[in-house]
Amino acid sequence: MMPMSSSRRAVVAASTPASAPAAPAAKRDRTHYLYLAVIIAVLLGIAVGFAAPDFAVQLKPIGTGFVSLIKMMISPIIFCTIVLGVGSVRKAAQVGKVGGLALGYFVVMSLVALAIGLVVGNIIHPGSGMHLTEAVKGVGHTQAQAAAEGPVDFVLGIIPTTFVSAFTEGQVLQTLLVALLVGFALQAMGRTGEPVLRGVEHIQKLVFRVLGMVMWAAPVGAFGAMAAVIGETGTDALKALGTIMLGFYVTCALFIVIVLGTLTKLVAKVSLFRLLRYLGREFLLIVSTSSSESALPRLIAKMEHLGVSRPVVGITVPTGYSFNLDGTMIYLTMASLFIADAMDRPMSIGQQIGLLLFMMVASKGAAGVSGSGIAVLASGLQSHKPALVDGVGLIIGIDRFMSEARAVTNFAGNAVATLLIGTWTGEVDKERVDRVLAGELPFDERTLLDTTEEDHLHAVPGQGGEKEFAKA
């Protein structure tokens with residue numbers, strides 16, 4: 001019996017004329033210039049930040065505005081993707097299996113990231129030689145007050161105030177909960193729910209088309225964001241704190257290449273570098289905005305295009321953005337050790353492990369927001385080592401640059417997790433994965449969706465949908 005995604009993709013491939021890829025290729029070429037413009041805009045932003053720092057700081061609202069435009073699209077995209085994925089699966093147990101496997105994987109990878117950060121931090125001792133001044137003492141306490149509250153409040157925060165408030169407040173986990181409930185309800189409705197699924201599918205196409213339009217503002221947003229951060233930070237903080245920055249970047253790179261690369265090769269039989277190249281434009285967007293959330297909608301679209309089934313993508317990606325924070329784990333580890341060394345208050349291994357396990361829980365939901373990592377760091381230190389909170393101000397100057405590495409690592413971790421979960425559950429079309437990564441099936445940058453008639457039919461139960469194949 002073929003997996004759902006293999007059957008679906010095979011039908012699409014068989015019914016598509018040989019000349020069909022020509023149109024997407026032309027559109028892809030057009031968007032190629034868009035991302036060249038983003039690179040140029042980033043370089044111009046850096047130049048302006050150094051040449052006129054006061055003026056550059058005033059450009060910050062431009063970058064903030066672009067990220068807000070992207071975030072505006074996240075809730076409807078997550079809702080449509082999950083409703084279509086869950087609603088087209090005949091058995092709720094399939095969704096539970098994917099979700100349970102994903103959460104288990106996220107916990108294991110968070111522990112691995114913490115362990116790597118501990119090893120590197122205890123080897124390089126990044127805070128040695130730093131000195132705490134009175135000017136930075138108040139920063140940590142301010143950040144701690146802005147951090148997320150305890151685990152009980154976090155769980156209660158998943159429940160939206162009203163059915164639609166999840167969309168208006170932009171809470172990913174609230175949107176996930178509402179979408180799952182709607183998806184399960186449509187499952188129970190059977191054929192009666194098919195018109196609703198068709199309507200949601202048309203809404204999804206509309207939302208992705210709007211996202212494609214918003215992306216044309218990326219060069220302007222990248223220019224404003226990069227100019228502002230260079231204008232605010234300058235070079236002093238980079239020179240003084242170069243050790244921890246370099247150590248953090250190297251640690252993140254080792255985690256991605258060694259840990260994620262090994263898993264991708266052994267489990268999915270795919271080269272990590274081919275996957276990262278496929279997601280190259282998303283990484284550029286993340287570096288420009290310092291937020292992995294800005295690339296979340298495109299990750300959903302691209303992983304579906306890659307050949308991972310819609311239910312797996314719809315559940316794994318949004319959940320991973322709150323629970324699979326590999327880059328944040330490494331950051332919290334190294335930043336804690338940096339502050340302890342800088343304040344001449346080194347922690348024992350036992351103290352380090354206890355503090356970081358608490359931070360692993362406290363960090364859930366910290367992805368996507370630039371600067372949220374520093375708030376979680378301050379909150380964790382205040383709860384477990386109050387004497388170290390004063391040292392948070394030492395790292396605030398370079399947090400923006402470390403935020404980029406955090407976001408890139410978190411994004412790479414969630415992309416790999418989606419592919420792995422799909423492989424373990426048999427919901428990946430491996431032949432399509434190879435063709436997409438080889439460039440034979442280019443991603444449609446205009447619609448961000450596969451819009452063939454067969455895809456439409458296979459999204460609706462009772463019309464040859466996913467479980468119809470399994471049932472046959």
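The values are calculated or read from the model by the stated rules, or taken from the named source; none is laboratory data. Owing to the predicted nature of the structure, the values given are computational and were not obtained by experimental measurement. All Cβ positions, even for glycine, are placed from backbone atoms using ideal geometry, and neighbour counts span all protein chains on display. These accessible areas exclude ligands, DNA and RNA; they are computed on the full protein's heavy atoms, side chains included. Shrake-Rupley method; radii C 1.70, N 1.55, O 1.52, S 1.80 Å.
Within the set K71/K97; K265/K302; K97/K265; K302/K430; K97/K269, which residue pairs have Cα atoms separated by over 26 Å? The answer is K71/K97. Counting protein heavy atoms only, segment 195-349 has 69 percent of its accessible area on carbon and sulfur, 1.4 angstrom probe.
Relative contact order for segment 182-336: 22 percent, from Cα pairs under 8 Å spaced at least 6 residues apart, divided by residue count. Full extension of the chain between L103 and I39 gives 19.5 nm of extra length, using 0.36 nm per residue less the Cα-Cα distance. Coupling constants for segment 266-276 follow from the phi torsions by the Karplus curve (6.51 cos²θ - 1.76 cosθ + 1.60, θ = phi - 60°), and in residue order they are 6, 8, 8, 6, 10, 6, 4, 5, 5, 5, 5 Hz; glycine and proline get x. Computed from backbone phi with θ = phi - 60° and the Karplus coefficients 6.51, -1.76 and 1.60, the 3J(HN,Hα) list for segment 35-41 is 7, 5, 5, 5, 4, 4, 5 Hz; x is used for glycine and proline. Karplus-based coupling profile of segment 296-309, in residue order and whole Hz: 4, x, 6, 5, 4, 5, 6, 6, 5, 5, 5, x, 7, 5, with θ = phi - 60° in 6.51 cos²θ - 1.76 cosθ + 1.60 and x standing for Gly or Pro.
Summarising the amide proton neighbourhood of L59: residues at separation of 5 or more, or on other chains, whose placed amide H is nearer than 5 Å comprise an empty set. Solvent exposure of I124, expressed as accessible area, is near 70 Å², computed with a probe of 1.4 Å over the protein chains only. Largest to smallest in accessible area, the residues I82, I353, I123 fall in the order I123, I353, I82 (1.4 Å probe, all protein chains included). For L355, the shell of other residues with beta-carbons less than 13 Å away shows a net charge of +2, using +1 for Lys and Arg and -1 for Asp and Glu. The modelled label-to-label distance between Q351 and R435, using points 7 Å beyond Cα along the C-beta direction, is 5.9 nm.
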